[in-house]
């Protein structure tokens with residue numbers, strides 16, 4: 001049995017999804033994998049959170065969202081301003097290639113598989 005690190009605080013994942021049920025599903029995946037989450041409904045709200053906090057480890061964002069930026073634009077801004085933050089992009093309609101996305105980011109098509117997502121988060125951030 002692995003000992004828990006009592007003083008370690010869970011890494012924080014910023015979940016950006018405009019559809020409530022999909023956002024709840026993403027938050028459940030993040031928390032089931034052992035990480036903490038912060039929810040936002042669009043890129044503008046996410047950008048405000050990023051500017052006010054220094055503890056975000058991973059951005060988990062839908063690509064297509066209303067607002068001044070979509071998820072792909074948000075990912076590029078995060079990569080530019082906060083290069084240490086890992087990025088996972090998801091979409092039910094679009095397929096992104098490596099050339100479209102910031103270096104080191106990952107893309108997953110919806111519907112998401114929680115086991116696959118948990119494994120990728122652990123791969124990107126380390127165990128929770």
Matching residues in region 34-74 - criterion: being buried (at least 20 other Cβ atoms within 10 Å of the Cβ), touching a residue at least 40 places away in the same chain (Cβ under 8 Å) and outside any strand (DSSP E or B):
35, 65, 71, 74
When you scan region 12-24, do you find a residue that is under 19 Å from residue 124 (Cα atoms), out of contact with any helix residue (DSSP H, G or I) (no Cβ under 8 Å at 6 or more places or on another chain), at pLDDT 95 or above and loosely packed, with under 11 Cβ neighbours inside 10 Å, even just one?
no
Residue by residue through region 84-93, note down the ones that are part of a loop (DSSP other than H, G, I, E, B) and within 14 Å of the chain's Cα centre (by Cα).
84, 85
Consider residue 96 carefully, then state whether it is in a loop (DSSP other than H, G, I, E, B) and either surrounded by 16 or more Cβ atoms within 10 Å (Cβ to Cβ) or modelled with pLDDT of 95 or more (or both).
yes
Positions within region 111-128 being surrounded by fewer than 13 Cβ atoms within 10 Å (Cβ to Cβ), touching a strand residue (DSSP E or B) at 6+ places or on another chain (Cβ under 8 Å) and closer than 16 Å to residue 17 by Cα, in sequence order:
none
Of all residues in region 111-128, which are in a loop (DSSP other than H, G, I, E, B), more than 19 Å from residue 91 (Cβ to Cβ) and out of contact with any helix residue (DSSP H, G or I) (no Cβ under 8 Å at 6 or more places or on another chain)?
126, 127
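The values are calculated or read from the model by the stated rules, or taken from the named source; none is laboratory data. What you are looking at is a predicted structure, and each value in this text was computed from that prediction instead of being measured. No Cβ is skipped: glycine too gets one built from the backbone with ideal geometry, and neighbour counts run over all protein chains shown.
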